[in-house]
Amino acid sequence: MLFGNDTQIALTEAAVLVNTLSEGVDELETYAGLDRFLERFPMSGGRAGTAEELEQVRQVRERLRTLWTAGSREEAAKIVNAILREAEAQPYLSKHDEYDWHLHVTRPEAPLAHRIAAEAAMGFLDLIRDDRLDRLKFCGADDCSDVLVDLSKNKSKRYCDTANCGNRMNVAAYRARKRERQG
């Protein structure tokens with residue numbers, strides 16, 4: 001395994017959150033969009049269900065996106081440290097439901113945006129520590145600006161999972177090769 005399970009989940013969650021704003025479409029325009037996100041990535045603790053909470057999560061999304069454009073480990077570390085500070089991270093071990101002992105980085109009563117931000121920051125922390133920021137990529141499709149985290153062993157992932165970009169680009173390349181052979 002390239003990264004621990006918690007790190008993989010946190011990084012995947014961060015990429016999916018960042019990609020909720022894609023090509024001008026904001027999946028977090030309404031609270032229903034946040035509900036869909038949280039169905040896929042549940043968070044311990046309560047939710048306020050307010051417009052303010054939704055706006056705070058959108059702000060976290062924008063902050064996390066800056067990690068894909070950080071020019072160095074130092075810059076990324078500053079961003080992650082700021083996120084952890086603003087989220088009032090207070091790590092502790094927890095054992096609940098079907099989960100064995102694991103790390104929580106904010107209290108369940110912390111605002112939802114703080115919990116999301118702190119969990120994501122912990123994933124990025126591992127990338128910075130291991131000097132693997134090259135795992136943060138933008139989709140290789142010409143018509144897509146979504147982000148991805150390359151968790152493959154050989155750093156070969158090129159396309160996001162958001163819009164089937166890999167399939168579209170592979171079909172386009174196949175058709176181009178076929179036309180070239182026929183032409």
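Of note:
- Taking 0.36 nm per residue of separation and subtracting the Cα-Cα distance, full extension of the segment from Gln8 to Glu39 would add 9.4 nm.
- In a DSSP loop and with at most 10 other Cβ atoms within 10 Å, the GluC sites (Glu not before Pro) in the range 1-99 are Glu98.
- Taking amide H positions as modeled 1.01 Å from N, with prolines and chain starts lacking one, the residues under 5 Å from Leu21 and 5 or more places away or on another chain are Glu27.
- Calculated [θ] (222 nm, deg cm²/dmol) that DSSP helices of n ≥ 4 give over the chain, each run adding -39,500 (n - 2.57): -16000 deg cm²/dmol
- Within the range 73-183, the ratio Rg/Rh, alpha carbon atoms throughout and Rh by Kirkwood, equals 1.15.
- Those Cys residues of the chain for which no other cysteine Cβ falls under 4.7 Å: Cys165
- Pairwise Lys count, the chain - Cα closer than 20 Å, eight or more residues apart or different chains: 4
- Between the range 94-141 and the range 1-72, the C-alpha centres lie 11 angstrom from each other.
The numbers here are math on the coordinates, done by the rules we state, and not lab data. Computed from a predicted model, the values in this text were never measured in an experiment. Positions of Cβ are generated from backbone atoms using ideal geometry, with glycine treated the same way; all protein chains shown enter the neighbour counts.
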